[in-house]
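**Q** Quick one: this structure, given as structure tokens, is what I'll be asking you about.
Read the figures in this text as sums done on the coordinates, not as results from a lab. For clarity, every value in this text was computed on a predicted model and none was experimentally measured. Cβ placement follows ideal geometry from the backbone for every residue including glycine, while neighbour counts extend to all protein chains displayed.
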Amino acid sequence: MSYTNEQVSHLVEGTLDWETTFRMLSMPKDNSRFEQYVAALQAKVGFKDRIVLPLAPHMYIVQSAKTKQWLIKCDCGHEFCDYKENWKLHASIYVRDTEEAMTEVYPKLMAPDTQWQVYREYYCPTCGTLHDVEAPTPWYPVIHDFEPDIEAFYKEWVNLPVPERVD
């Protein structure tokens, strides 16, 4: 079943009725869905760089209009880094590593022991959007979630030409 660009835009905005949303999510995807999804995301952002792959609700891998490089970018236009790097190392980080900071999230007796676990919150340095939270032990390095294989995704999953890139 195919859906209109308007329906996909409403899905992205979270304003699509539940019945249609459920049907969209539970049925096999039609061939144009990824292109419709990216077009809806592109219409939401204020930058001209082409969205290559969405990473999170407000974060994308984009193709720079100027350099053709693939970069990680926030909704607001802030460029974090090359898509192969760990974007978290370029974010503003707030570490909840005290009892007081943890009780802002959990009731006092339910908060984790900060000797065993801390919360690291990663924010966009420009707009302040919270992009990720991780809960490692205090000494654990910053986690690099994944490095997508964009070429394989485009060739094997969405059957589209791979966006041009300059390294």
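**Q** Apply the a/c threshold of 1.5 to the C-alpha gyration tensor of the stretch 1-44 and tell me whether it is rounded, prolate or oblate.
**A** Oblate shape, in that a/c is at least 1.5 and b/c is the bigger or equal ratio.
**Q** Quickly estimate the mean residue ellipticity at 222 nm for the chain, helices only: each DSSP H run with n ≥ 4 gives -39500 (n - 2.57), and the total goes over all residues, rounded to 500.
**A** -5500 deg cm²/dmol
**Q** A follow-up question, please. Cα centroid distance between the stretch 40-67 and the stretch 139-158, in Å?
**A** Using only Cα atoms, the two centres lie 16 Å from each other.
**Q** Can you tell me how the stretch 114-161 classifies by the Cα gyration tensor, rounded, prolate or oblate, using a/c under 1.5 as the rounded cut?
**A** Judged from the Cα gyration tensor, the stretch 114-161 comes out oblate (a/c at least 1.5, b/c at or above a/b).
**Q** For the peptides 25-36, 5-16, what is the packing order when you average, over each peptide's residues, the other Cβ atoms within 10 Å and list the highest mean first?
**A** Output ranking for 25-36, 5-16: 5-16, 25-36.
**Q** Okay, next question. Using the Karplus curve 6.51 cos²θ - 1.76 cosθ + 1.60 with θ = phi - 60°, what ³J(HN,Hα) values do you get for each residue of the stretch 105-118, in whole Hz, with x for Gly and Pro?
**A** Result, ordered by residue: 9, 10, x, 3, 7, 9, 6, x, 6, 6, 6, 10, 8, 10 Hz.
**Q** Also, quick follow-up: Only one of the listed values, [x] 0.95; [y] 1.03; [z] 1.13, was derived from the coordinates as Rg/Rh (Cα atoms, Kirkwood Rh); which label is it?
**A** Computed from the coordinates, Rg/Rh (Cα atoms, Kirkwood Rh) corresponds to [y].
**Q** Mind ordering 58-65, 43-50 by average Cβ neighbours within 10 Å, highest first?
**A** Descending mean neighbour count gives 58-65, 43-50.
**Q** Restricting to Cα pairs below 8 Å that are 6+ residues apart, what does the relative contact order work out to for the chain? Please round to a whole percent.
**A** Relative contact order, the chain: 15 percent.
**Q** As a quick test, which of the pairs LYS48/LYS68; LYS48/LYS73; LYS48/LYS155 have an alpha carbon distance above 18 angstrom in this structure?
**A** LYS48/LYS155
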